[in-house]
1. Would you list the strands (runs of 3 or more DSSP E) that sit entirely within segment 13-90 and hold 3 or more residues that are more than 26 Å from residue 113 (Cβ to Cβ)?
2. When you look at residue 44, is it in contact with a Ser or Thr (Cβ under 6 Å, 6 or more places away or on another chain) and among the aromatic types (Phe, Trp, Tyr), yes or no?
3. Please enumerate the residues belonging to segment 18-28 that are within 17 Å of residue 98 (Cβ to Cβ) and out of contact with any strand residue (DSSP E or B) (no Cβ under 9 Å at 6 or more places or on another chain).
4. So which residues in segment 13-52 are of a type in the set (A, V, I, L, M, F, W, C), in contact with a His (Cβ under 8 Å, 6 or more places away or on another chain) and surrounded by fewer than 17 Cβ atoms within 10 Å (Cβ to Cβ), if there are any at all?
5. All but one of (1) touching a residue at least 12 places away in the same chain (Cβ under 8 Å); (2) out of contact with any helix residue (DSSP H, G or I) (no Cβ under 7 Å at 6 or more places or on another chain); (3) within 16 Å of residue 95 (Cβ to Cβ) hold for residue 26; state the number of the condition that does not hold.
6. What residue, among those in segment 26-52 that are of a type in the set (Phe, Trp, Tyr) and within 13 Å of residue 107 (Cα to Cα), is nearest to the chain's Cα centre (by Cα)?
Amino acid sequence: MKTLQEYLASLAPKKKAALNQVRVMVKQMYPQSTESFSYGMIGFKEGKIFLYVGAFSNHIGVYPPVMECKDTIRLTRQWRNVKGNVLFPLDQPIPFPIIRKVAEALHKQYHPTEVKP
């Protein structure tokens, strides 16, 4: 698939609904961000990509790994794979509030605020 529209059209209804809910949430959180489609996933960027989300056979994946927010790392421990990416099984309710926390942590990780002296 080459476009976001083709990708979304190819998804089963449950996967498409979950990704659309994430898309709406991220756009509400970061209205200045733009969507992209690469690596077979939806990306959100502000200058550079800070979040990828994709639907796979058994899970919704959120990438890249949160590396700097210890609270979010602890909060997502049960869903993290060995690389630190967060994978939410499709046979369980998708924890959108947790995805919100991951998006916040990743945005801060890739767009830290400037500290003034």
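The values are calculated or read from the model by the stated rules, or taken from the named source; none is laboratory data. Everything numeric in this text was worked out from a predicted model, so none of it was measured. Positions of Cβ are generated from backbone atoms using ideal geometry, with glycine treated the same way; all protein chains shown enter the neighbour counts.
1. It comes to 59-63, 86-89.
2. Details: in contact with a Ser or Thr (Cβ under 6 Å, 6 or more places away or on another chain): yes; among the aromatic types (Phe, Trp, Tyr): yes.
Yes: the conditions hold for residue 44.
3. If the condition is that a residue be within 17 Å of residue 98 (Cβ to Cβ) and out of contact with any strand residue (DSSP E or B) (no Cβ under 9 Å at 6 or more places or on another chain), then 21, 24, 25, 28 are the ones that fit.
4. Result: 29, single match.
5. Of the numbered conditions (1) touching a residue at least 12 places away in the same chain (Cβ under 8 Å); (2) out of contact with any helix residue (DSSP H, G or I) (no Cβ under 7 Å at 6 or more places or on another chain); (3) within 16 Å of residue 95 (Cβ to Cβ), the odd one out for residue 26 is (2).
6. Ranking the qualifying residues of segment 26-52, first place goes to 52.
Quick grid of which residues meet (1) at pLDDT below 95; (2) surrounded by fewer than 17 Cβ atoms within 10 Å (Cβ to Cβ); (3) over 10 Å from the mean Cα position of the chain (by Cα):
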position	(1), (2), (3)
54	no, no, no
72	no, no, yes
75	no, no, yes
86	no, no, no
89	no, yes, yes
93	no, yes, yes
100	no, yes, no
105	no, no, yes
116	yes, yes, yes
